[in-house]
Each structure stands twice: as C-alpha cells, then as structure tokens.
Amino acid sequence: MKNIVCLISGRGSNLDALLQAAEAQQWPHQLDAHVAGVISNRADAEGLQVAARHGVPAQVIDHRARASREAFEADLQKAIDAWQPALVVLAGFMRVLTDRFVEHFRGRMINVHPSLLPSFPGLATHRQALAAGVRVHGATVHFVATAVDGGAIIGQAVVPVLPQDTEEALAARVLAEEHRLLPHCVRLVLEGRVVLRDGRVRLHGVDGRDLARLAVLP
Ligand code: GRF
C-alpha cells in the first residue's frame, strides 16, 4: 500500500477534498494507496478535526516548540519518514522549508498554491492578483523545489476575476478549484503518470480527459 502523508497548518479544506476523493474513488482498492497520516505544525489547526472525522491518524509537530528551523524539520522529517511515503502533500502547510528538507523529498512532495504560478508566489495571492488587475487568476499544483513556490508545474485551474471581486470572493472561487485540482494531481502522481525528471514534469499515458483535469479553464 502506497502511503500519502499530508502536511497542514490550518483549516484543512484541501485535506478534506483529498480524503473525500480518496474515499469516493476507493483509492485503497483502485490505486493501492491511502492517506496514512496527517501532520500539523499547529495544535489548533481545524484540519486536525478533518483528519479525525475521516479516521486518519494525525500528529502535531509544533515549530514554535523547537529551537530552530533545523530542529523542527529534523522532527518533521523523522515523523514523515516513519510512514515511508510514496507522496507528501503540502495541503495548506504554511512553513518555508529548507533546501535540505526539500531535497530529501524531491520528486515525491507536491504543494497546492492559490495563484497561477509563476505569478504571485508567496502570501496574500488574491490581494496581489486584485492589485495587479489581472483578468484571470487560479490555482497551481506543483512539485516542491528549493525556490519557494518555484517547482515544476503539474496542474493549473483558471478562474475569472470579476469587476466587483473582493479578496474573499476571489479566494472562495480559487479554493473551489484547488479542491478539484489537488486530488486529480495526487492521483496522477501516484499512478506514475506524472513524474518529475531533470526538474521537469513528464507525462506518461495521460489522455485528453486527464489533460483537461490538469489544465482547467473557466
Ligand atoms: C489554500 O488556499 C492553499 O492553497 C494555501 O492555503 C490555503 C489552505 O486552505 N496554501 P486549507 O487549509 O486547505 O483549507
């Protein structure tokens, strides 16, 4: 059985979407894969309840209780490695990771980011999009690389920016797409149909329907 480990920091709606897809599509039977564990860097993350609701073991590794970023990551890596994961999913995980940590999980760690990368990396992406006056915005799932939000892109979903949009309205529109995009991307990586090679994403046996799930237009 392939183990997926999800890292979270907050609400956990992407985690919920992933677990719902895994249940609806019977990943343990269809893909020989399951979400084996969830790790949060915050004890008050609502996503811990999401994990509990789905019967997935969860643990807290509090970065504030460690003396340094390195000490935090050493404990985090140990906890993740204990599951020998095929894939690590950053599902709203809000800590910047060191190069050493990223290298350790290279090709088997992915992130969901609320913008059409390479536009608007970092925080407050919806505010950045509104300030820039773009007409389209969206979500990206990518392999994690040492540059923050800079890894090879697996899938993207586009949403329109409407004239009356607030940050919240735009965020909600993007979030709904994150919830659809992330499970598709996780599935294709688990199936070995999306692979990171030489810093680029290679596709194997991906048909038109899969492609439409990796490049979602409004
Ligand atoms: C999502 O927008 C994700 O892309 C970003 O933080 C948010 C997390 O939401 N990195 P949730 O915890 O999955 O509900």
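We did not get these values from a lab; they are worked out from the coordinates using the rules stated. This is a predicted model, so every value here is computed, not measured. Neighbour counts are summed over all protein chains in view; Cβ atoms, including those assigned to glycine, are modelled from backbone coordinates with ideal geometry.
What residue, among those in the range 38-47 that are surrounded by fewer than 21 Cβ atoms within 10 Å (Cβ to Cβ) and under 18 Å from the mean Cα position of the chain (by Cα), is nearest to the ligand (Cβ to nearest atom)? Ranking the qualifying residues of the range 38-47, first place goes to Glu46. Residues of the range 109-129 include at least one that is surrounded by 16 or more Cβ atoms within 10 Å (Cβ to Cβ), more than 19 Å from Leu182 (Cβ to Cβ), in contact (Cβ under 8 Å) with a residue 40 or more places away in the chain and in contact with a strand residue (DSSP E or B) (Cβ under 9 Å, 6 or more places away or on another chain). What number of residues in the range 77-130 are among the polar types (S, T, N, Q) and on the phi > 0 side of the Ramachandran plot? Number of matching residues: 1.
In the range 167-175 there is no residue matching the filter, namely being in contact with a strand residue (DSSP E or B) (Cβ under 9 Å, 6 or more places away or on another chain), more than 12 Å from the ligand (Cβ to nearest atom) and assigned to a helix (DSSP H, G or I).
So, of the residues in the range 135-148 that are assigned to a loop (DSSP other than H, G, I, E, B) and in contact with a helix residue (DSSP H, G or I) (Cβ under 9 Å, 6 or more places away or on another chain), which turns out to be farthest from Leu175 (Cα to Cα)? So, considering only residues that are assigned to a loop (DSSP other than H, G, I, E, B) and in contact with a helix residue (DSSP H, G or I) (Cβ under 9 Å, 6 or more places away or on another chain), the one farthest from Leu175 (Cα to Cα) is Thr146.
The listed residues are Val35, Val60, Val50, and the only one of them that is closer than 26 Å to Arg193 by Cα, of a type in the set (Val, Ile, Thr) and either surrounded by 21 or more Cβ atoms within 10 Å (Cβ to Cβ) or more than 14 Å from the ligand (Cβ to nearest atom) (or both) turns out to be Val35. Of all residues in the range 99-107, one or more are closer than 19 Å to Asn3 by Cα and of a type in the set (Val, Ile, Thr).
Quickly run through the range 1-32 and pick out the residues that are away from the ligand (no atom under 13 Å from the Cβ) and either among the charged types (D, E, K, R) or not in a helix (DSSP H, G or I) (or both). Don't jump to the end; show me each part of the working.
The first filter runs over the range 1-32 and keeps only residues away from the ligand (no atom under 13 Å from the Cβ), leaving 1-5, 21-32.
Listed by number, the residues that qualify are Met1, Lys2, Asn3, Ile4, Val5, Glu23, Gln25, Gln26, Leu31, Asp32.
Based on what the data block shows, is Val161 surrounded by 15 or more Cβ atoms within 10 Å (Cβ to Cβ), within 10 Å of the ligand (Cβ to nearest atom) and of a type in the set (A, V, I, L, M)? Spell out how you get there, then give the answer.
Working: surrounded by 15 or more Cβ atoms within 10 Å (Cβ to Cβ): yes; within 10 Å of the ligand (Cβ to nearest atom): no; of a type in the set (A, V, I, L, M): yes.
Spelling it out, it is not the case that Val161 is surrounded by 15 or more Cβ atoms within 10 Å (Cβ to Cβ), within 10 Å of the ligand (Cβ to nearest atom) and of a type in the set (A, V, I, L, M).
Against the numbered list (1) more than 21 Å from Gly12 (Cβ to Cβ); (2) surrounded by 23 or more Cβ atoms within 10 Å (Cβ to Cβ), Thr140 comes up short only at (1). Checking each residue in the range 81-132 for being in a loop (DSSP other than H, G, I, E, B) and more than 16 Å from the ligand (Cβ to nearest atom) picks out Ala82, Trp83, Gln84, Pro85, Ala86, Thr98, Phe105, Arg106, Gly107, Arg108. Just one of the listed residues (Ala58, Ala132, Ala79, Ala67) is without any contact (Cβ under 8 Å) to a residue 12 or more places away in the chain, farther than 26 Å from Arg213 by Cβ and among the hydrophobic types (A, V, I, L, M, F, W, C), namely Ala67.
Residue-wise test of (1) surrounded by fewer than 16 Cβ atoms within 10 Å (Cβ to Cβ); (2) of a type in the set (Lys, Arg); (3) farther than 24 Å from Ala22 by Cα.
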{"site": "Arg66", "(1), (2), (3)": "no, yes, yes"}
{"site": "Ala71", "(1), (2), (3)": "yes, no, yes"}
{"site": "Ala82", "(1), (2), (3)": "yes, no, no"}
{"site": "Arg106", "(1), (2), (3)": "yes, yes, no"}
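Quick one: would you say Glu178 is closer than 28 Å to Ile61 by Cβ and in a helix (DSSP H, G or I)? Yes.
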